[in-house]
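In what follows, a structure is listed as structure tokens, so that the remarks can point back to it.
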Amino acid sequence: MDGVQVATRFIPTEECDADIRLKESLIHAAKDDIAIVKSPVGMPGRAIMNPFMQHVMAGEKIPHSPCHRCLAKCSPGEIPYCITDKLIAAVKGDVENGLLFCGAKAYMADKIETVHDVIADLFGTEPECI
Ligand SMILES: Cc1cc2nc3c(=O)[nH]c(=O)nc-3n(C[C@H](O)[C@H](O)[C@H](O)COP(=O)(O)O)c2cc1C
């Protein structure tokens, strides 16, 4: 069986329930806006640079809410920021202070599409049953 894991491409869709400001951050991002960043538990990821990520990269520790117990390896007293708090902030549209997690090619999205159109584009054909 073949499969793919697709994340970023589905954020700037009409069906995605994220705030329009997060969708717009993605469709306006340029290649140079996307940096490799460290998650609070040290794993690498990519994000669109914003004031929040500049503070983190400068070594600041961002205060956070009580632990959501989302990552077994996370030590709430030591982390530079809480990934759950910051992903939720981004989904709610706080694109200055949220974590704008994305894939390497996020800058290629240039408009808000429907999931139907994204699937058709990915597969090069009209989807049969969505
Ligand atoms: C909003 C968002 C949340 C993500 N959360 C996770 C996660 O919890 N665990 C994980 O392993 N990867 C996570 N990823 C990374 C994706 O699984 C994927 O590896 C990455 O975004 C690259 O694929 P893409 O170009 O299709 O986005 C997340 C990505 C995004 C955009």
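The values are calculated or read from the model by the stated rules, or taken from the named source; none is laboratory data. It should be emphasised that the depicted structure is a prediction, and the values quoted were computed from it without experimental measurement. Neighbour counts are summed over all protein chains in view; Cβ atoms, including those assigned to glycine, are modelled from backbone coordinates with ideal geometry.
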Residue count for the stretch 90-117, restricted to those that are in contact with a Leu (Cβ under 8 Å, 6 or more places away or on another chain), closer than 12 Å to P12 by Cβ and not in a loop (DSSP other than H, G, I, E, B)
1
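Here is a list: K111, K86, K92. Which entry is under 24 Å from D33 (Cα atoms), loosely packed, with under 11 Cβ neighbours inside 10 Å and within 17 Å of the chain's Cα centre (by Cα)? Let's see the steps before the verdict.
Details: K86 fails: loosely packed, with under 11 Cβ neighbours inside 10 Å; K92 fails: loosely packed, with under 11 Cβ neighbours inside 10 Å.
Going through K111, K86, K92 in turn, just one is under 24 Å from D33 (Cα atoms), loosely packed, with under 11 Cβ neighbours inside 10 Å and within 17 Å of the chain's Cα centre (by Cα): K111.
Filter the stretch 15-52 for residues that are of a type in the set (S, T, N, Q), assigned to a loop (DSSP other than H, G, I, E, B) and at pLDDT 95 or above and give the result.
Narrowing the stretch 15-52 to residues of a type in the set (S, T, N, Q): 25, 39, 50.
Cutting the leftovers down to assigned to a loop (DSSP other than H, G, I, E, B) gives us 39, 50.
If the condition is that a residue be of a type in the set (S, T, N, Q), assigned to a loop (DSSP other than H, G, I, E, B) and at pLDDT 95 or above, then N50 is the only one that fits.
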Do you know which residues across the stretch 29-53 are within 18 Å of G93 (Cα to Cα) and loosely packed, with under 13 Cβ neighbours inside 10 Å?
P51
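In this structure, does A120 turn out to be touching a Leu at 6+ places or on another chain (Cβ under 7 Å), closer than 18 Å to I11 by Cα and at pLDDT below 95?
Numbers: touching a Leu at 6+ places or on another chain (Cβ under 7 Å): no; closer than 18 Å to I11 by Cα: yes; at pLDDT below 95: yes.
Spelling it out, it is not the case that A120 is touching a Leu at 6+ places or on another chain (Cβ under 7 Å), closer than 18 Å to I11 by Cα and at pLDDT below 95.
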Restricting to the stretch 4-20, name every residue that is away from the ligand (no atom under 11 Å from the Cβ) and loosely packed, with under 15 Cβ neighbours inside 10 Å.
E14, E15, D17, I20
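For the stretch 77-126: of the residues being β-branched (V, I, T) and touching a strand residue (DSSP E or B) at 6+ places or on another chain (Cβ under 7 Å), which is nearest to the ligand (Cβ to nearest atom)? Outline the logic, then answer.
Start the filter on the stretch 77-126 by keeping residues that are β-branched (V, I, T), which leaves 79, 83-84, 88, 91, 95, 112, 114-115, 118-119, 125.
So of that shortlist, the ones also touching a strand residue (DSSP E or B) at 6+ places or on another chain (Cβ under 7 Å) come out as 112, 114-115, 118.
Numbers: I112: 16, T114: 17, V115: 14, V118: 11 Å.
Only one residue tops the list, namely V118.
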When every residue in the stretch 53-65 that is of a type outside the set (A, V, I, L, M, F, W, C) and out of contact with any Asp or Glu (no Cβ under 6 Å at 6 or more places or on another chain) is compared, the one modelled with the lowest pLDDT is P63
